[in-house]
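First comes the structure, then the notes that go with it.
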Amino acid sequence: ASLCGLGGPFVETEDLYRGAASASPTEMAVGLATLANKGSRAKPFLILKIQDRNGEVLYEAQPRLRQKISRNAALDAVSVLKNHSGTRIFTGATASERDAWTLRLGPTGSTAIWIGFDQPTAIAREARLKSLLDEFVERLGND
């Protein structure tokens with residue numbers, strides 16, 4: 001997880017292997033992109049491109065990739081994500097009903113959506129959270 005860009009903290013218990021680790025949406029998107037890049041992690045950036053009004057490119061980010069995990073490990077990890085019309089996805093809500101995630105790997109990049117509150121409180125029943133996540137996946141399409 002740390003090699004893919006998640007900062008932790010990681011409590012070394014059996015819960016870690018079930019996905020019990022703190023991560024921000026940015027960390028999750030970077031981790032997912034690392035898997036998509038066959039184990040090469042890119043440094044995240046906020047601005048992809050700046051153009052003037054004539055369309056001339058004034059700035060364009062240049063991704064810097066570094067191999068962090070093996071190609072085979074990355075491909076194996078991606079294979080467990082649900083295939084939805086050519087896009088790989090993972091959606092899940094916690095049993096506490098306090099937060100939910102959609103992780104999406106499309107042909108043009110990765111997306112991480114987190115639903116929750118800064119101060120943990122129940123949002124909605126687990127079934128409702130899952131239906132919201134499914135709706136997000138449908139609206140995002142296959143790009």
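A few comments on the model shown:
- Simple spin-label estimate for residue 58 and residue 10 in nanometres, 7 Å along Cα-Cβ: 4.2 nm
- Accessible area of the chain divided out per residue, in Å², using a probe of 1.4 angstrom: 69 Å²
- When you filter the GluC sites (Glu not before Pro) in region 1-83 for DSSP loop state and at most 10 other Cβ atoms inside 10 Å of their Cβ, you are left with 12, 56.
- Largest mean-square fluctuation among 34, 91, 121, in a Gaussian network model of the chain whose springs join Cα atoms under 10 Å apart, belongs to 121.
- Selection among 89, 51, 10 by position relative to the dipole of region 9-143 gives 51 as farthest towards the positive end (Cβ unit charges, Cα centre).
- Over the chain, dividing the summed -39,500 (n - 2.57) contributions of all DSSP H runs of at least 4 residues by the number of residues returns a 222 nm mean residue ellipticity of -8000 deg cm²/dmol.
- Around the Cα centre of the chain, unit charges on the Cβ atoms of Lys, Arg, Asp and Glu (plus for the first two, minus for the last two) sum to a dipole of about 420 debye.
- Relative contact order, percent, the chain [alpha-carbon distance under 8 Å, six or more residues apart]: 19 percent
- In the set [x] 1.97; [y] 1.32; [z] 1.15, the label that goes with Cα Rg over 2.2 N^0.38 Å computed for this structure is [z].
- The length gained by stretching the chain between residue 131 and residue 48 to full extension, at 0.36 nm per residue less their Cα-Cα distance, is 26.7 nm.
- If you sort 81, 140, 48 by accessible surface, 1.4 Å probe, largest first, the order is 48, 140, 81.
- Among the trypsin sites (Lys or Arg not before Pro) found in region 47-124, those both in a DSSP coil and sparsely packed, with 14 or fewer other Cβ atoms within 10 Å of their Cβ, are 53, 64.
- Of the DSSP H helices in the chain, none is both long (alpha-carbon extent of 20 Å or more along the helix axis) and hydrophobic (Kyte-Doolittle mean at least 0.5).
- Longest DSSP-loop-exposure-free segment, chymotrypsin sites (Phe, Trp or Tyr not before Pro), the chain, at most 15 other Cβ within 10 Å: 46-116
- Distance between the 7 Å Cα→Cβ label points at residue 26 and residue 66: 1.7 nm.
- Listed residues 120, 25, 107, most fluctuating in the chain (Gaussian network, C-alpha, under 10 Å): 120
The values are calculated or read from the model by the stated rules, or taken from the named source; none is laboratory data. All of these numbers come straight from a predicted model, not from anything done at the bench. Backbone-built Cβ (ideal geometry, glycine too); neighbour counts: all protein chains shown. Note: accessible area is taken over every heavy atom of the protein model, side chains too, but ligands, DNA and RNA are not part of it. Shrake-Rupley method; radii C 1.70, N 1.55, O 1.52, S 1.80 Å.
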